[in-house]
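One structure is given here, and the rest of the page talks about it.
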Amino acid sequence: MGPPAKPPAAAVIAVLSLAAACMAAAVYFGGTGQLPLAMTGTGLFVILGGLGFELARRRS
């Protein structure tokens, strides 16, 4: 069994862009006092950011 295939660069960019959008939404909702939505956005940022960095690591 060989090494796993490299993920496409577009997938890495898409996941990290979505993570950035989640953080922007979290900051917005935190600023308006809607903490449950802000915490959800922060959680999604952490999960998607970790996934994006793992995909980027596999590309290198």
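Per residue, the chain reaches -28000 deg cm²/dmol at 222 nm when only DSSP H runs of four or more residues are counted, each adding -39500 (n - 2.57).
Here the Karplus relation 6.51 cos²θ - 1.76 cosθ + 1.60, evaluated at θ = phi - 60°, turns the backbone of region 27-43 into coupling constants of 5, 4, 5, x, x, 8, x, 9, 5, x, 5, 5, 5, 5, x, 5, x Hz, with x for every Gly and Pro.
Could you give me D for the chain, from Stokes-Einstein at 10 °C and 1.306 mPa s, where the hydrodynamic radius is the Kirkwood radius over C-alpha pairs? Units µm² s⁻¹, please. Don't skip to the answer; put the middle values down first.
Numbers: Rh = 12.3 Å.
It diffuses with D of about 130 µm²/s by this estimate.
How far apart, in nm, are the 7 Å Cα→Cβ label points at Q34 and R57? With each label point 7 Å from Cα toward Cβ, the separation is 3.4 nm.
Residue separation times 0.36 nm, minus the C-alpha to C-alpha distance between A11 and V46: what's the value?
Numbers: separation 35, 0.36 × 35 = 12.60 nm, distance 1.70 nm.
So the chain would gain 10.9 nm between A11 and V46.
Read the figures in this text as sums done on the coordinates, not as results from a lab. Everything quoted here is computed from the prediction, not taken from an experiment. Please note: Cβ atoms are built from the backbone with ideal geometry, for glycine as well, and neighbour counts cover all protein chains shown.
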